[in-house]
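> Can you read through this structure? Questions will come right after.
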Amino acid sequence: MRKARNRLGSRSVVVRGLAFTLATNPLLARLLPRRLREAAIRPLVYALIPGPSENLLYARVTLLGAGDREDAER
Amino acid sequence: MGEAIETVVVGSGISGLLVARELVAAGQEVTVIERGRMRLDADTFPHAQREEPTAVTEHNTETAPGGERSWKYGYAFGGSSLLWAGVAPRLLPSDFELRSRYGLWRDWPIGYDDLLPFYHAAERALEISGGPHPLFPSSADYPLSPPPPSSVDRLLGPLLEPFGPLPITRRLEPEYPPPIEAEGPEVETAGNVLAIGRELAAADGFSVREGTAAARLRTSGNRVTEVECIGADGTQSRIVPKRVVAAAHGIENAALLLRSDLRDGPVGRWLGDHTHVVLDVELDEPMGPWSASTRDTGLSGAWAEGDWRVERGSAVVVPFNPGLLLRDRLVGALADGAHGDTLRDQMADLFSRTAVVYVSVEDAPREDRYVELSNRKDRLGLPLTRVSYPPDGDYAIRGVQEVRRGLEERLAPLGARIVGNRIGGHGGHLLGTCFMGPDGVVDENLRHHRLENLYLTGGSAFPTYSALHPTTTIAALAIRLGRHLVRDAA
């Protein structure tokens, strides 16, 4: 969590946390379609698990960093 | 009149620095022209900062409609080795003889046995760990012993024969930590040619023009007489070389010739890459305690070689040690309402029962995959390159299909089902465009067919592409060229 705050800023992490909390709340979640729940959950999960640094073969990265590793994993 | 220099090498990647090393060791003078900056500690930087953005490091490619592909390469001292994932197999003996053996496309003008001494030299230069593998004759004497097989290799390997150690640089990037508890030696930082660059930087006779593009070659008769250079600030200069070695990759080597209006032979045509697929293979039972010392440790040649190559692509299979990437599964499970112990157990079960398998497949060489000059120009007035790479052909797709079918069949004792199929990292192997051979652009010694003091090496010289990763062969060709030039000068 601390690393995510340093990387993204406290406000961003709080916003992602709020979206996560809403989308995983057993009562509120029922009101949201599944795709929306995933979209609300994903930003915090991705902030906490930075991504497929394991394998550049998966990542459309160049030295410019033009590729987005998160996109690359998907 | 420009400055007179013995050998000009264009590009400072694996090819450029290995050619330079041979020449400098023989007492010759070499100047390397590199668009990027010379930072000898660049391998300690995050990948995104290894290339310094300037006017000469713009990635000046556009893609043709219907031929889009994202190409990975970089402008920095060390070249694209700074992006190298460290996987270092040789090619198969048959990869050099596709015409003779199967009637396909063309043979290489050199064979596996011709390249063997240079494979050994390349494996020493790149500090490759490996061991005897049934796919590669005379593969017993790698400079470093192979990492111990991972737990995944121990489980899958016996079912995927011929199976053996994956040759790989022992030195891995900090972004590739041993994913699970390490069994082998501690993993270091590197996996690129900066160590060789540091040696060369301290050697007599070696110099680098960093932040400089080789804009054009000027010729007279059958010789290159000048290399026109342009710096990031637009400053132009000229070099009068005794000889020139273009040591960039399939896009840049072709672009240099095309900008110089040297269109002899199929310059820019037959661009090649591999088809990469990543399969998630779910098994009935957990794979047991995970262990691995590096990212990949084993290589299967179960679909690499056979008479069937007349109709479908050769494929090699590498179990991937870090295991299943769980983020998206985690998101999905959370969206389904899983939480607490249930969620943890679900993820642990998924992870322990899912093997991730990387597959690299050979595609057919195609003339409609090419590099050409665009009508547009970059900030320095150099034409952009326009690259066309139509999607994977039937030859490669049939190769992928056969691996999918065969994997489930061979791994049936483990209850294997393929549950995920992702496209892997295309665009990192920039092959062809200036290939060697009588109908190509260079001869078996990588010399241009018409210009007696111009040589082209690197992935651009590949006449066909194999399914195997090209780096060791690129390094072997560079060392072979370097030694040829030393003999030639003598």
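> Considering each residue of region B:58-75, count those that are part of a loop (DSSP other than H, G, I, E, B), within 13 Å of chain A (Cβ to nearest Cβ) and either under 30 Å from B:Pro146 (Cα atoms) or in contact (Cβ under 8 Å) with a residue 60 or more places away in the chain (or both), and give that number. Reasoning before the result, please.
Restricting attention to region B:58-75, the residues satisfying the condition of being part of a loop (DSSP other than H, G, I, E, B) are B:58-60, B:64-75.
Among the residues that remain, those that are also within 13 Å of chain A (Cβ to nearest Cβ) are: B:58-60, B:68-75.
Next cut, either under 30 Å from B:Pro146 (Cα atoms) or in contact (Cβ under 8 Å) with a residue 60 or more places away in the chain (or both) only: B:58, B:60, B:68-74.
Residues in region B:58-75 being part of a loop (DSSP other than H, G, I, E, B), within 13 Å of chain A (Cβ to nearest Cβ) and either under 30 Å from B:Pro146 (Cα atoms) or in contact (Cβ under 8 Å) with a residue 60 or more places away in the chain (or both): 9 in total.
> Still on this model: For B:Leu82, indicate whether it is at pLDDT below 95, aliphatic (A, V, I, L, M) and either surrounded by 19 or more Cβ atoms within 10 Å (Cβ to Cβ) or farther than 24 Å from B:Leu200 by Cβ (or both). Break it down into steps so the answer makes sense when it comes.
Details: at pLDDT below 95: yes; aliphatic (A, V, I, L, M): yes; either surrounded by 19 or more Cβ atoms within 10 Å (Cβ to Cβ) or farther than 24 Å from B:Leu200 by Cβ (or both): yes.
Here the answer is yes, as B:Leu82 does meet what is asked.
> Looking only at region B:327-343, which residues are at the interface with chain A (Cβ under 8 Å from one of its Cβ atoms) and either closer than 15 Å to A:Thr21 by Cβ or surrounded by 17 or more Cβ atoms within 10 Å (Cβ to Cβ) (or both)?
Selection gives B:Arg327, B:Leu330, B:Val331, B:Leu334, B:Ala335, B:Gly337, B:His339.
> Could you check region B:434-457 and list, in sequence order, the residues that are in a loop (DSSP other than H, G, I, E, B) and either without any contact (Cβ under 8 Å) to a residue 24 or more places away in the chain or farther than 16 Å from B:Leu217 by Cβ (or both)?
So the first thing to find is which residues in region B:434-457 are in a loop (DSSP other than H, G, I, E, B), and the list is B:434-435, B:437-441, B:443-446, B:449-453, B:457.
Passing the criteria: B:Phe435, B:Gly437, B:Pro438, B:Asp439, B:Gly440, B:Asp443, B:Glu444, B:Asn445.
> Can you pull out every residue in region B:7-57 that is under 29 Å from B:Val486 (Cβ atoms), of a type in the set (A, V, I, L, M) and within 14 Å of chain A (Cβ to nearest Cβ)?
Listed by number, the list holds a single entry, B:Ala42.
> Okay, moving on. Can you list the strands (runs of 3 or more DSSP E) lying wholly within region B:201-251 that have 3 or more residues being among the basic types (Lys, Arg) and farther than 22 Å from B:Leu430 by Cβ? Reasoning before the result, please.
Working: elements: B:206-209, B:212-220, B:223-231, B:236-246.
Filter on region B:201-251 gives B:236-246.
> Taking the options B:Arg295, B:Arg263, name whichever one is within 14 Å of chain A (Cβ to nearest Cβ) and in a loop (DSSP other than H, G, I, E, B). Spell out how you get there, then give the answer.
Details: B:Arg263 fails: within 14 Å of chain A (Cβ to nearest Cβ).
B:Arg295 is the lone residue from the list that is within 14 Å of chain A (Cβ to nearest Cβ) and in a loop (DSSP other than H, G, I, E, B).
> A further question on this structure: Could you pull out the residue among B:Leu324, B:Leu382 that is touching a helix residue (DSSP H, G or I) at 6+ places or on another chain (Cβ under 9 Å), within 12 Å of another protein chain (Cβ to nearest Cβ), buried (at least 16 other Cβ atoms within 10 Å of the Cβ) and in contact (Cβ under 8 Å) with a residue 40 or more places away in the chain?
Working: B:Leu382 fails: within 12 Å of another protein chain (Cβ to nearest Cβ).
The conditions single out B:Leu324.
> Against the definition (assigned to a loop (DSSP other than H, G, I, E, B), crowded, with 19+ Cβ neighbours inside 10 Å and at pLDDT 95 or above), how does B:Ala467 come out, yes or no?
On the way: assigned to a loop (DSSP other than H, G, I, E, B): yes; crowded, with 19+ Cβ neighbours inside 10 Å: yes; at pLDDT 95 or above: yes.
Criteria met by B:Ala467.
> Can you go through B:Val357, B:Val310, B:Val317, B:Val281 and tell me which one is crowded, with 21+ Cβ neighbours inside 10 Å, within 28 Å of the chain's Cα centre (by Cα) and at pLDDT 95 or above? Spell out the reasoning first.
Working: B:Val357 fails: at pLDDT 95 or above; B:Val310 fails: crowded, with 21+ Cβ neighbours inside 10 Å; B:Val281 fails: at pLDDT 95 or above.
The unique qualifying residue is B:Val317.
> On to the next question. Take B:Trp303 and tell me if it is among the aromatic types (Phe, Trp, Tyr) and on the phi < 0 side of the Ramachandran plot. Before the answer, list the steps.
Numbers: among the aromatic types (Phe, Trp, Tyr): yes; on the phi < 0 side of the Ramachandran plot: yes.
Considered against the rule, which asks whether it is among the aromatic types (Phe, Trp, Tyr) and on the phi < 0 side of the Ramachandran plot, B:Trp303 comes out as yes.
For every residue, the table says whether it meets (1) touching a residue at least 40 places away in the same chain (Cβ under 8 Å); (2) of a type outside the set (S, T, N, Q).
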{"position": "B:Arg263", "(1), (2)": "no, yes"}
{"position": "B:Val267", "(1), (2)": "yes, yes"}
{"position": "B:His274", "(1), (2)": "yes, yes"}
{"position": "B:Glu282", "(1), (2)": "yes, yes"}
{"position": "B:Met287", "(1), (2)": "yes, yes"}
{"position": "B:Ser291", "(1), (2)": "yes, no"}
{"position": "B:Thr294", "(1), (2)": "yes, no"}
{"position": "B:Asp307", "(1), (2)": "yes, yes"}
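> Just to be sure I understand, how many residues within region B:435-457 are buried (at least 17 other Cβ atoms within 10 Å of the Cβ), in contact with a Phe, Trp or Tyr (Cβ under 9 Å, 6 or more places away or on another chain) and not charged (D, E, K, R)?
8
> Checking the condition more than 21 Å from B:Ala467 (Cα to Cα) and under 18 Å from the mean Cα position of the chain (by Cα), which residue from B:Gly79, B:Gly86, B:Gly66 passes?
Details: B:Gly86 fails: more than 21 Å from B:Ala467 (Cα to Cα); B:Gly66 fails: under 18 Å from the mean Cα position of the chain (by Cα).
Going through B:Gly79, B:Gly86, B:Gly66 in turn, the sole match is B:Gly79.
> Yes or no: region B:236-243 includes at least one residue that is among the hydrophobic types (A, V, I, L, M, F, W, C), over 22 Å from B:Glu29 (Cβ atoms) and away from chain A (no Cβ under 14 Å).
Our first condition is that a residue be among the hydrophobic types (A, V, I, L, M, F, W, C); within region B:236-243, this holds for B:239-240.
Narrowing the set further to residues that are over 22 Å from B:Glu29 (Cβ atoms) leaves none.
Within region B:236-243 (the criterion being among the hydrophobic types (A, V, I, L, M, F, W, C), over 22 Å from B:Glu29 (Cβ atoms) and away from chain A (no Cβ under 14 Å)), the answer is no, since none of the residues qualifies.
> Could you say whether any residue in region B:391-412 is over 20 Å from B:Val316 (Cα atoms) and crowded, with 17+ Cβ neighbours inside 10 Å?
no
> Identify all residues within region B:103-125 that are over 16 Å from B:Ala478 (Cα atoms) and in contact with a Ser or Thr (Cβ under 7 Å, 6 or more places away or on another chain); write none if there are none.
Selection gives B:Trp105, B:Arg106, B:Asp107.
> Still on this model: Any residue at all in region A:10-30 that is under 19 Å from B:Gly337 (Cβ atoms), touching a Phe, Trp or Tyr at 6+ places or on another chain (Cβ under 7 Å) and either more than 7 Å from every other protein chain (Cβ to nearest Cβ) or surrounded by fewer than 18 Cβ atoms within 10 Å (Cβ to Cβ) (or both)? Explain how you work it out, then say what you get.
Going residue by residue through region A:10-30, those that are under 19 Å from B:Gly337 (Cβ atoms) are A:17-30.
After this cut, where a residue has to be touching a Phe, Trp or Tyr at 6+ places or on another chain (Cβ under 7 Å) as well, the list is none.
No, region A:10-30 contains no residue that is under 19 Å from B:Gly337 (Cβ atoms), touching a Phe, Trp or Tyr at 6+ places or on another chain (Cβ under 7 Å) and either more than 7 Å from every other protein chain (Cβ to nearest Cβ) or surrounded by fewer than 18 Cβ atoms within 10 Å (Cβ to Cβ) (or both).
> Quick check: anything in region B:99-113 crowded, with 16+ Cβ neighbours inside 10 Å and in a helix (DSSP H, G or I)? Lay out the reasoning, then the answer.
Kept after step one, since they are crowded, with 16+ Cβ neighbours inside 10 Å, are these residues of region B:99-113: B:101, B:104, B:106-110, B:112.
Subset that is in a helix (DSSP H, G or I): B:101, B:112.
Yes, that holds for at least one residue.
The values are calculated or read from the model by the stated rules, or taken from the named source; none is laboratory data. Remember, it's a predicted structure, so these values are computed and weren't measured experimentally. No Cβ is skipped: glycine too gets one built from the backbone with ideal geometry, and neighbour counts run over all protein chains shown.
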